[in-house]
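In what follows, a structure is listed as structure tokens, so that the remarks can point back to it.
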Amino acid sequence: MLVKLLDKKVPDTLILPLTQDEQLPSRLADIAARTGVDAETLKNDFKADPKEILTLYGAGVPGRRIYLCGLGKKDGFQDICQNLRSLTSRFKKKLPAKVGIDLRHIEPEKLQRMSEAALCGTLMGLYDIGKFRTPAAEQHPIEFGNAKSELQLVLPGKYIKETEPAAIRAQVFADAYSEIFDLLNAPGNIKTPEYVCDWTEKTGKLWGFSVKVLQTDNLKTQKMEALLAVGKGSPHAPALLWLEYGPKSRKNKIPVFGLVGKGVTFDTGGVSLKPSNNMHLMKSDMGGAAAVLGAFMTAAKLRLPVRMIGAIPVAENMIDGNALKPGDVIGSCAGKTIEVTDTDAEGRLILADALAYLLKQETPDVLIDLATLTGSIIRAIGTQAAGLFTNSDALAEQLAQAGMNCGERLWRMPMWDEYGSDLKSDVADLRNFTGKPMAESISAAKFIEHFTNNHPNWAHLDIAGMAFADSEFAQGKSATGYGVRLLINFMENWLLPDQLPSETNP
Ligand code: BES
Ligand code: ZN
Ligand code: ZN
């Protein structure tokens, strides 16, 4: 797909995004005049509600179509993006090879954001989740979206140059999402730990970040016994993916971000077996890994002026005669011993090793882990936000703000020490499950905290309700890409403590 920015020679098929604002009536009157439709009828039939689409056909002009695309009242980035995504995903079979998005009516101060969001959404709508379906013989070939097709952003000529970076960003994000969706939606029989490692090595080469894979021998040398223990019941050995992007030198005060993402390729629960009804969804238990991978891909392609270190523990939580058992005591990279009271609380075990290893190798300014960690966070705050756990108010503030900016919301949860008291074990330094069916997302965060060396800027994001979700884009739950935009937005706006405004840094 070719993306072009232009002001003349507008294609016959146009998408016209419209916000429900004071200007809507005059814009509709204008469209009515252009298309020969009665203005009152148009105002009656199109209210610009979110997801509302009205197709207009140009009077007497063959092939002329205008899709009025309602955006509702909200004009957040995510709202615009989702509305356009909805349009292409619903109409992709009907769209011709050349489509334009008409943004000539957008106010100049909103143009960059609108361009990026609209373009990204339009491209994302073309994502095809049915990778394993046999193509139907008589299928109507899709014209829009194939290599020869064109998407044209129609803008006033004088803004074309300054909108180019926004158009590039949109394409980079859309491409990254498409790859990340494929990875997270892939079934467990294909997406084994070695598949994820190969995928990451290939992707690193293509997108511009370095990847090292620590296999069993290396994991043993590094004492990553918790990661090894989780992978013990599977024929597919666990691994740690080590990612790096950006300059090593600290000369120009480039911030260093440590990112850790839970990469459980399939979570049966292990011997503490999960009920079978929704177990198939556990192919998505690597949403944290996907967010970190997506952030590396986009940051590297966009050449973000930051340094990023990624540690992704990858394992399959299975059962066989070798599997970890409830009550087993294991070691860990940090040197602490852990009594595994529940093998289904495996995420915190592999995160513990990845965090400890990262902190042995590097001293990041900020350390963030993302994980589809607990069902408990879903019971607590549902599927509208991820849980945010941190001891740093400044970091909480900046992460939450980044989430609001891009529509990937975060909600802060408490971290009081009392929540960690039930993690004491009689036989080991700590246990991985309190045994009490309450506040499990918080005790999980308290468990992980033991492996963060009291890093002053550590945050844990429990994205269990966000990474794989119901949407209009698939029959069942599917990958959302949650976390990618959040991390990029956060890193772009992160301020080192001495750069914070004076109220927060007296
Ligand atoms: N992968 C699950 C958490 C999860 C649940 C992710 C639902 C996405 C959707 C995690 O490994 C797990 O099983 N957690 C247990 C923890 C419990 C044993 C303390 C849970 O939440 O039930
Ligand atoms: Zn589990
Ligand atoms: Zn899990």
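Annotation: residue 360 fulfils all but one of (1) away from ligand 1 (no atom under 11 Å from the Cβ); (2) part of a loop (DSSP other than H, G, I, E, B); (3) surrounded by fewer than 19 Cβ atoms within 10 Å (Cβ to Cβ); the unmet one is (2). Residue 403 satisfies every condition listed in (1) within 19 Å of residue 346 (Cβ to Cβ); (2) open to solvent by less than 10 Å² (accessible area, probe 1.4 Å); (3) not hydrophobic (A, V, I, L, M, F, W, C) except (1). From 346, 339, which residue is within 16 Å of ligand 1 (Cβ to nearest atom) and under 22 Å from the mean Cα position of the chain (by Cα)? The unique qualifying residue is 346. Could you say whether any residue in the range 313-330 is under 19 Å from residue 192 (Cα atoms), more than 11 Å from ligand 3 (Cβ to nearest atom) and under 23 Å from the mean Cα position of the chain (by Cα)? The answer is yes; a qualifying residue exists.
To keep it simple, each residue is scored yes or no on (1) in the same structural domain as residue 406 (by TED's automatic domain parsing); (2) of a type in the set (A, V, I, L, M, F, W, C); (3) open to solvent by less than 60 Å² (accessible area, probe 1.4 Å); (4) over 26 Å from the mean Cα position of the chain (by Cα).
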site: 47; (1), (2), (3), (4): no, no, no, yes
site: 110; (1), (2), (3), (4): no, no, no, no
site: 115; (1), (2), (3), (4): no, no, yes, no
site: 127; (1), (2), (3), (4): no, no, yes, no
site: 150; (1), (2), (3), (4): no, no, yes, yes
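What do you reckon, is residue 291 within 16 Å of ligand 3 (Cβ to nearest atom) and open to solvent by less than 10 Å² (accessible area, probe 1.4 Å)? Yes; evaluated as a whole, the condition is true for this residue. In the range 248-274, the qualifying residues are those that are out of contact with any Pro (no Cβ under 9 Å at 6 or more places or on another chain) and away from ligand 3 (no atom under 14 Å from the Cβ), and the one that is farthest from residue 307 (Cα to Cα) is 251. Of the residues in the range 309-331, at least one is surrounded by fewer than 24 Cβ atoms within 10 Å (Cβ to Cβ) and at positive phi.
Would you confirm whether any residue within the range 261-282 is of a type in the set (Phe, Trp, Tyr), in contact with a Leu (Cβ under 8 Å, 6 or more places away or on another chain) and in contact (Cβ under 8 Å) with a residue 40 or more places away in the chain? Spell out the reasoning first.
Filtering the range 261-282 down to residues of a type in the set (Phe, Trp, Tyr) leaves 266.
Keeping just the survivors that are in contact with a Leu (Cβ under 8 Å, 6 or more places away or on another chain) gives none.
Among the residues of the range 261-282, not one is of a type in the set (Phe, Trp, Tyr), in contact with a Leu (Cβ under 8 Å, 6 or more places away or on another chain) and in contact (Cβ under 8 Å) with a residue 40 or more places away in the chain, which makes the answer no.
Close contacts from the range 321-349, counting a first residue that is without any contact (Cβ under 8 Å) to a residue 12 or more places away in the chain and a second that is open to solvent by 40 Å² or more (accessible area, probe 1.4 Å), with Cβ to Cβ under 6 Å and a gap of 6+ residues or different chains, come to none at all.
All conditions in (1) of a type in the set (Gly, Ala, Ser); (2) closer than 23 Å to residue 246 by Cβ; (3) open to solvent by 30 Å² or more (accessible area, probe 1.4 Å) hold for residue 481, with the sole exception of (3). Residues of the range 477-493 include at least one that is over 18 Å from residue 406 (Cα atoms) and assigned to a loop (DSSP other than H, G, I, E, B).
Which ones in the range 440-472 are assigned to a loop (DSSP other than H, G, I, E, B) and surrounded by fewer than 19 Cβ atoms within 10 Å (Cβ to Cβ)?
Restricting attention to the range 440-472, the residues satisfying the condition of being assigned to a loop (DSSP other than H, G, I, E, B) are 450-457, 463-467, 470-472.
If the condition is that a residue be assigned to a loop (DSSP other than H, G, I, E, B) and surrounded by fewer than 19 Cβ atoms within 10 Å (Cβ to Cβ), then 453, 454, 456, 470, 471, 472 are the ones that fit.
Across the range 332-344, the qualifying residues are those that are open to solvent by 10 Å² or more (accessible area, probe 1.4 Å) and within 15 Å of ligand 3 (Cβ to nearest atom), and the one among them that is farthest from residue 433 (Cα to Cα) is 344. Comparison of 404, 413, 308 shows that the only residue that is touching a strand residue (DSSP E or B) at 6+ places or on another chain (Cβ under 9 Å), more than 16 Å from ligand 1 (Cβ to nearest atom) and farther than 30 Å from residue 237 by Cβ is 404.
Number of residues in the range 1-27 that are under 18 Å from residue 57 (Cβ atoms) and hydrophobic (A, V, I, L, M, F, W, C): the value is 5. When you scan the range 143-164, do you find a residue that is aromatic (Phe, Trp, Tyr) and modelled with pLDDT of 95 or more, even just one? Within the range 143-164, one or more residues are aromatic (Phe, Trp, Tyr) and modelled with pLDDT of 95 or more.
Search the range 418-447 for residues that are on the phi < 0 side of the Ramachandran plot and pair each with any residue that is aliphatic (A, V, I, L, M) and open to solvent by 50 Å² or more (accessible area, probe 1.4 Å) when their beta-carbon atoms are under 8 Å apart and the residues are at least 6 apart or on different chains. Once the first residue is on the phi < 0 side of the Ramachandran plot and sits in the range 418-447, its partners that are aliphatic (A, V, I, L, M) and open to solvent by 50 Å² or more (accessible area, probe 1.4 Å) give 427/329; 428/329; 441/380.
Kindly indicate the residue of the range 240-283 that is under 19 Å from residue 477 (Cβ atoms) and open to solvent by 70 Å² or more (accessible area, probe 1.4 Å) and also farthest from ligand 1 (Cβ to nearest atom) among those meeting that condition. Checked the range 240-283; the qualifying residue farthest from ligand 1 (Cβ to nearest atom) is 276.
The values are calculated or read from the model by the stated rules, or taken from the named source; none is laboratory data. Values in this document were obtained by computation on a predicted structure and should not be read as measured data. Note: ideal-geometry Cβ built from the backbone for every residue, glycine included; neighbour counts use all protein chains shown. Ligands, DNA and RNA are stripped out before the accessible areas are found, and what is left, the full protein with its side chains, is counted by its heavy atoms. Shrake-Rupley method; radii C 1.70, N 1.55, O 1.52, S 1.80 Å.
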